[in-house]
Amino acid sequence: GAIADVAGSAVGGLIVSPLTDTIGRALNLDVLEVGTTTTDTGGTGGTVTVGKQVDDNLFFRYRQQFGSQEVSEFILEYQLARFLRIQAAVAEGEGVGRAQRSLTRRIERAGLDLLFYFSY
């Protein structure tokens, strides 16, 4: 059931994390993440995210979601100040026109967000 799924994800994360760190360094990427997703319709799948710091203030990220809903997402993030960033995202794929929601975030065809960062 659900407990077995969570335990399996945790163990998988422990194995995948060192491997993605090694591959990311070999490919000269600043971010390489592999994860799982659960959509609001109960579908599951995986994600692969790669990212690169373009300059001091600009970060580029590409995320590919696989499984019950396949989505390709391009994200540019620009740091306006130490605590404020602006993020532009464009997505294509199955279900994107209906503004799908994954377990942790909403995916729309295009969007612009202001992100505030706080340390405590």
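No lab work stands behind these numbers, since they all come straight from the coordinates. On a predicted model such as this, the values are computed, not experimentally measured, just so you know. Virtual Cβ from ideal backbone geometry, glycine too; neighbours counted across all protein chains shown.
Count neighbours as other Cβ atoms within 10 Å of each site's Cβ, and list the chymotrypsin sites (Phe, Trp or Tyr not before Pro) in the range 45-95 that are DSSP loop with at most 13 such neighbours. Intermediate results must be reported in sequence, preceding the final value.
Numbers: sites: Phe59, Phe60, Tyr62, Phe66, Phe74, Tyr78, Phe83; in loops: Phe83.
Passing sites in the range 45-95 are Phe83.
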* Structure fact -> Tyr78 and Tyr117 label points (each 7 Å along its Cα→Cβ direction) are spaced in nm at 1.7
* Two-site FRET efficiency, Glu108 against Asp55, from Cβ-Cβ distance with R₀ of 25 Å, rounded to 0.05 -> 0.40
